[in-house]
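Here the structure comes first, spelled out in structure tokens, and everything after it is commentary.
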Amino acid sequence: MSANALDTLWLEERSVTNLVKQPAIRGVLDMLLAFAVFMGLWWVFMDPRGVLRWYTPQYGYMYIRWLLIVAIWQVYIFNFWPFKLTWMEKTHPLKKGLILIAINFAVTGLLVWVFYYNIFGRLAIPYFSWPELKKTGLSDFFSREYSSLAILMMAAIASWLSPIWPSAFENYPWHKLKQPAKGLTVFAVTFLLTTYAYLIFMHPHYRVLFYPWQEYTASFPWWYDSFRTLSGNFNVGWIMCATVSVWLTETILERYPFRLVKSQPWRGIAGFLFILLLAFTLFFTFVFFQDMIWGVSVEGAKRIMAPDWRYLHTGELAVILLTVALALYFYFDNWPRNFSTEVNLLIRVTITIVVAVGLHWAYYKYSPQLLGTQAGYSHPQQFPMAPVILFINVMLYHNWFMDGWPGKRIKREAEAL
Amino acid sequence: MEKDFSRRSFVKGMAVGTLAGYFGAAGLSSTVFKSQLLPKEKLNPVDIGQVKSLKIKVISETSWYDNNVFLNDVKKAGGLLVNQYEIPWTREGVKAGYQGDNLGGFSTYIEAELMDGKVMKILLDSGWNPHWMDKRFKEEGIAEKLAKKEIDFQAISHEHIDHFFGIESTMRHYPDIPMYVPKGFYQDGFDLLKGKSFPKANVKNDHPHKGKVTVLDSKQVNVLHPGIALMTFDVPIILRVFGEQAFVFNVKDKGIVLVTGCCHQGIISYMEEVRKKILGGEKIYAVQGGLHISPFEDWDPQYDDLILAFNKYGVQKIGCNHCTGFITAEKMIKAGLPVVKGTARNMSKRDIYLGNGDELLIA
């Protein structure tokens with residue numbers, strides 16, 4: 001947060017105390033707890049061997065994506081409204097967490113089942129609605145998968161654009177409004193931008209997805225000549241890198257360097273451009289690494305050699321990077337903090353990269369046993385982003401909604417004084 | 001530091017950073033940079049020899065009869081990542097099915113005439129529904145050939161339901177047939193081969209295999225006889241399957257002929273590997289079998305990438321069928337690709353590509 005920030009979140013003002021004093025033990029225990037909760041949720045909702053088995057894959061993946069964006073709305077855009085901040089401070093973290101998670105799940109369900117399936121999909125674009133697609137004669141299974149992909153892509157773009165306003169622009173020029181007016185305004189603006197971005201970056205994918213091509217309703221995938229694929233995975237890749245860049249700057253990079261710009265909207269513009277620059281650097285670097293390891297991709301090939309899978313995998317690599325960065329930020333107090341900003345950042349980035357390489361290896365080695373996924377890279381119906389983002393969701397619930405309890409809790413007034 | 005900070009120095013820093021980042025990223029991804037940094041691939045193509053001619057007969061390419069019934073089975077079980085041995089597949093009440101059963105299967109019979117005049121007889125895959133496969137084996141004379149041990153070996157392209165669960169239809173006639181399977185077979189697959197039942201998936205094998213099973217891996221081109229090779233690909237596949245192998249024949253005066261089960265590795269990836277690893281691989285004359293593009297008449301823009309790229313390989317005959325899908329065949333024909341027509345008999349639905357009982361001759 002910048003010293004001259006126009007607007008701050010309750011999260012930034014919240015003061016917490018450590019219940020487990022030894023930081024490394026606290027971090028490890030809290031992280032293990034989050035992982036256990038993640039495993040429970042995965043087993044109940046997603047695991048192909050589990051209870052509900054929603055990881056079909058797109059159907060469950062869609063919910064995971066929307067749980068994330070709804071949490072961002074709850075915390076970053078609405079600043080926990082309609083709850084009073086005094087309630088946030090005084091309520092037991094477990095009770096508070098369960099209520100906020102219940103709202104998170106409910107809003108996600110409403111969005112999918114009411115907004116997308118029965119309003120937007122029914123009245124505007126049928127591929128956003130499972131029932132509407134089914135009515136066209138498409139199989140029940142693929143009606144659900146195709147609509148889930150569209151809905152989750154909307155969430156992917158929202159997870160890039162929504163937090164930019166509170167994070168980089170500090171809600172300028174609406175920073176003086178009170179909640180819910182501020183939240184609703186920022187929500188409306190970012191959702192509008194998300195919709196436009198979706199129409200430019202993802203809608204052309206659907207021109208080609210259906211047979212015959214829907215040439216009167218969507219543009220030809222404009223990226224084809226430069227990036228050798230008609231698939232929207234090209235955009236999925238860099239947009240995921242952009243989402244990850246937002247959260248890297250928000251956590252381990254401490255909004256550096258754009259926080260140094262003195263006034264808005266220039267700070268916001270600089271932040272937006274910095275995030276975009278970081279995103280494309282990540283994207284092209286990851287593409288290059290893959291080319292180094294597996295050779296240059298081949299047009300029309302499948303799996304590991306397919307250009308579109310390589311782009312998708314850049315997003316997967318970026319999300320793995322983010323998981324480590326968030327764990328460092330939430331569970332290890334964004335260590336280190338005692339050097340100059342530049343040195344702190346450099347050490348954190350180094351730790352993040354090194355641990356992410358290990359996590360990438362561990363994911364492909366152990367996920368078949370732990371998550372019920374299938375062995376091997378580039379499975380056509382498997383997305384490492386799904387479990388990884390669910391784990392991120394759990395970390396967000398734990399730290400945003402529950403103050404990191406039981407390792408931490410909100411400071412009581414006397415302690416704060 | 002923040003106090004001393006000026007907008008001018010920030011803008012300057014951002015401009016330098018942006019340009020450096022842009023050229024760094026663009027440079028890394030540019031062809032110029034790549035050609036210097038990418039490790040050079042060592043090419044040491046294998047000479048697999050030649051065969052005189054090839055006869056490929058489709059025994060069954062109709063793996064299931066009603067897409068919606070199949071997909072509902074998958075959906076009810078929990079999607080495309082669920083283990084195929086744990087899905088209760090629909091076996092009755094299907095109008096379009098074979099005697100009400102939704103299951104069919106995939107199998108191809110190949111006769112390769114070697115340069116010395118000897119004919120190698122090969123069975124690729126064993127289908128799914130044993131009743132259907134027994135009927136097709138009988139109609140095409142495969143059952144008799146198996147019983148007389150005239151077939152030299154069987155190759156299982158991959159462990160999928162529709163290629164492997166009907167193994168009993170082969171075993172009942174020739175339980176000690178030499179067999180090749182790709183690396184990646186799960187223990188369940190070996191157990192089924194040895195006679196284990198999987199009641200949940202409604203699959204059994206009452207005639208355990210007693211012959212030699214050779215597991216082929218992807219490290220090398222597996223030359224079985226002069227002009228005949230199998231290549232294995234380490235690919236993860238839906239319904240918890242891993243690995244697929246496919247045939248490469250080198251036919252004198254024609255060129256390379258690729259015969260596949262499902263080709264989950266992707267036909268372009270397959271042709272690229274053949275170009276790199278097999279002597280003469282740059283001249284691919286024909287492709288036959290499933291190309292796994294739109295098996296459920298589903299689609300993905302990536303498949304259009306494939307069709308647009310296919311023309312660059314100069315293939316003369318595309319004898320595709322099975323999991324290639326009708327949408328793909330229509331798009332291929334529209335793109336000018338030489339898809340070989342079939343006759344739409346023996347329960348094959350359309351004549352757009354080779355169907356049950358159809359033959360492709362390469363001579």
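The values are calculated or read from the model by the stated rules, or taken from the named source; none is laboratory data. Just so we're clear, the structure is a prediction, and the values are computed from it rather than from any experiment. Glycine gets a Cβ as well: all are built from the backbone with ideal geometry, and neighbour counts include every protein chain shown.
Go through (1) under 24 Å from residue A:224 (Cα atoms); (2) more than 13 Å from every other protein chain (Cβ to nearest Cβ) and name the single condition residue B:256 misses.
(1)
Considering only residues that are surrounded by 15 or more Cβ atoms within 10 Å (Cβ to Cβ), of a type outside the set (Lys, Arg) and either free of Cβ contacts under 8 Å to residues at least 12 places away in the same chain or over 25 Å from residue B:201 (Cα atoms) (or both), which ones fall in region B:120-142?
Listed by number, the residues that qualify are B:120, B:122, B:140, B:142.
Name the residue that is farthest from residue B:156 (Cα to Cα), counting only residues in region B:264-303 that are in contact (Cβ under 8 Å) with a residue 60 or more places away in the chain, outside any helix (DSSP H, G or I) and within 11 Å of chain A (Cβ to nearest Cβ).
Residue satisfying both the conditions and the ranking: B:297.
When you scan region A:56-66, do you find a residue that is away from chain B (no Cβ under 14 Å) and free of Cβ contacts under 8 Å to residues at least 24 places away in the same chain, even just one?
Checked against the condition, which is being away from chain B (no Cβ under 14 Å) and free of Cβ contacts under 8 Å to residues at least 24 places away in the same chain, region A:56-66 yields no hits at all.
Of all residues in region A:237-256 being within 12 Å of chain B (Cβ to nearest Cβ) and within 27 Å of residue A:298 (Cβ to Cβ), which is farthest from the chain's Cα centre (by Cα)?
Step by step, filter region A:237-256, then rank; the result is A:238.
Sort out which residues of region A:196-231 are under 27 Å from residue A:296 (Cα atoms) and in a loop (DSSP other than H, G, I, E, B), and write them in order of number.
Passing the criteria: A:202, A:220, A:221, A:222, A:223, A:228, A:229, A:230, A:231.
Could you list, ordered by first residue, the pairs with Cβ atoms under 6 Å in which the first is in region A:171-182 and at negative phi and of a type in the set (Val, Ile, Thr) and the second is surrounded by 18 or more Cβ atoms within 10 Å (Cβ to Cβ) and at pLDDT 95 or above, at least 6 apart or interchain?
Close Cβ pairs satisfying both conditions: none exist.
I need the full set of residues from region B:169-202 which are of a type in the set (D, E, K, R) and within 21 Å of the chain's Cα centre (by Cα), in order please. Don't jump to the end; show me each part of the working.
As a first pass, look at region B:169-202 and keep what is of a type in the set (D, E, K, R): B:172, B:176, B:183, B:188, B:191, B:194, B:196, B:200.
Result: B:183, B:188.
Can you name every residue in region B:313-333 that is surrounded by fewer than 19 Cβ atoms within 10 Å (Cβ to Cβ) and in contact with a helix residue (DSSP H, G or I) (Cβ under 9 Å, 6 or more places away or on another chain)?
The answer is B:313, B:327.
Only residues that are polar (S, T, N, Q) and either surrounded by 24 or more Cβ atoms within 10 Å (Cβ to Cβ) or at the interface with chain A (Cβ under 10 Å from one of its Cβ atoms) (or both): list them for region B:221-243, please.
Correct list: B:232 only.
When region B:340-361 is examined, which residues are found to be surrounded by fewer than 22 Cβ atoms within 10 Å (Cβ to Cβ) and not in a loop (DSSP other than H, G, I, E, B)?
Scanning region B:340-361 gives B:359, B:361.
Looking at the structure I just gave you, is residue A:318 under 30 Å from residue B:266 (Cβ atoms), within 10 Å of chain B (Cβ to nearest Cβ), surrounded by 23 or more Cβ atoms within 10 Å (Cβ to Cβ) and modelled with pLDDT of 95 or more?
no
Check A:239, A:252 and return the single one that is buried (at least 22 other Cβ atoms within 10 Å of the Cβ), out of contact with any Asp or Glu (no Cβ under 7 Å at 6 or more places or on another chain) and outside any helix (DSSP H, G or I).
Checking each option against the conditions leaves just A:252.
Please go through region B:185-199 and pick out each residue that is part of a loop (DSSP other than H, G, I, E, B) and touching a residue at least 60 places away in the same chain (Cβ under 8 Å).
The answer is none; no residue qualifies.
Taking residue B:307, is it at pLDDT 95 or above, buried (at least 24 other Cβ atoms within 10 Å of the Cβ) and within 14 Å of another protein chain (Cβ to nearest Cβ)? Working first, answer last.
On the way: at pLDDT 95 or above: yes; buried (at least 24 other Cβ atoms within 10 Å of the Cβ): no; within 14 Å of another protein chain (Cβ to nearest Cβ): yes.
When the stated conditions are applied, residue B:307 does not pass them.
Any idea which residue in region A:267-302 is farthest from the other protein chains (Cβ to nearest Cβ), counting only those that are among the charged types (D, E, K, R) and buried (at least 23 other Cβ atoms within 10 Å of the Cβ)?
By that ranking, first place goes to A:267.
Test residue A:141 against the stated conditions and say whether it is within 14 Å of chain B (Cβ to nearest Cβ), modelled with pLDDT of 95 or more and buried (at least 18 other Cβ atoms within 10 Å of the Cβ).
Details: within 14 Å of chain B (Cβ to nearest Cβ): yes; modelled with pLDDT of 95 or more: yes; buried (at least 18 other Cβ atoms within 10 Å of the Cβ): yes.
Here the answer is yes, as residue A:141 does meet what is asked.
So residue B:94 passes all but one of these: (1) surrounded by 24 or more Cβ atoms within 10 Å (Cβ to Cβ); (2) of a type outside the set (Phe, Trp, Tyr); (3) in contact with a helix residue (DSSP H, G or I) (Cβ under 6 Å, 6 or more places away or on another chain). Which condition number does it fail?
(1)
So which residues in region B:244-255 are aliphatic (A, V, I, L, M) and buried (at least 24 other Cβ atoms within 10 Å of the Cβ), if there are any at all?
Taking region B:244-255 and keeping what is aliphatic (A, V, I, L, M), we get B:246, B:248, B:251.
Hits for region B:244-255 are B:246, B:248.
Take the conditions among the small types (Gly, Ala, Ser) and either over 23 Å from the mean Cα position of the chain (by Cα) or farther than 21 Å from residue A:315 by Cα (or both) and apply them to residue A:188. Does it pass?
Judged against the criteria, residue A:188 is a match.
Tell me the helices (runs of 4 or more DSSP H) entirely within region B:67-177 that contain at least 3 residues that are within 14 Å of chain A (Cβ to nearest Cβ).
Values: elements: B:67-77, B:130-139, B:142-147, B:161-164, B:167-171.
Per the criteria, B:67-77.
Please find, among A:362, A:375, the residue that is modelled with pLDDT under 95 and either closer than 22 Å to residue A:279 by Cα or of a type outside the set (S, T, N, Q) (or both). Steps first, answer last, please.
On the way: A:362 fails: modelled with pLDDT under 95.
Just one listed residue meets the conditions, A:375.
Take the conditions surrounded by fewer than 18 Cβ atoms within 10 Å (Cβ to Cβ), in contact with a Lys or Arg (Cβ under 9 Å, 6 or more places away or on another chain), in contact (Cβ under 8 Å) with a residue 60 or more places away in the chain and in the same structural domain as residue B:276 (by TED's automatic domain parsing) and apply them to residue B:45. Does it pass?
No.
So, in region B:203-219, how many residues would count as being of a type in the set (A, V, I, L, M) and more than 23 Å from the chain's Cα centre (by Cα)?
0
Tell me whether region A:5-25 contains one or more residues that are in a helix (DSSP H, G or I), away from chain B (no Cβ under 14 Å), farther than 30 Å from residue A:161 by Cα and in contact with a strand residue (DSSP E or B) (Cβ under 9 Å, 6 or more places away or on another chain). Please lay out each step first, then the result.
Just the residues of region A:5-25 that are in a helix (DSSP H, G or I), to begin with: A:10-13, A:23-25.
Then drop every residue that is not away from chain B (no Cβ under 14 Å), which leaves A:10-13, A:23-25.
Filter once more, keeping what is farther than 30 Å from residue A:161 by Cα: A:23-25.
Of the ones still in play, those that are also in contact with a strand residue (DSSP E or B) (Cβ under 9 Å, 6 or more places away or on another chain) are none.
No, every residue in region A:5-25 fails to be in a helix (DSSP H, G or I), away from chain B (no Cβ under 14 Å), farther than 30 Å from residue A:161 by Cα and in contact with a strand residue (DSSP E or B) (Cβ under 9 Å, 6 or more places away or on another chain).
Please indicate, with yes or no, whether at least one residue in region A:173-181 is in a helix (DSSP H, G or I), of a type in the set (Gly, Ala, Ser), surrounded by fewer than 19 Cβ atoms within 10 Å (Cβ to Cβ) and in contact with a Phe, Trp or Tyr (Cβ under 9 Å, 6 or more places away or on another chain).
Residues of region A:173-181 in a helix (DSSP H, G or I): A:181.
Applying the additional criterion that residues be of a type in the set (Gly, Ala, Ser) yields A:181.
Keeping just the survivors that are surrounded by fewer than 19 Cβ atoms within 10 Å (Cβ to Cβ) gives A:181.
After this cut, where a residue has to be in contact with a Phe, Trp or Tyr (Cβ under 9 Å, 6 or more places away or on another chain) as well, the list is A:181.
Yes, that holds for at least one residue.
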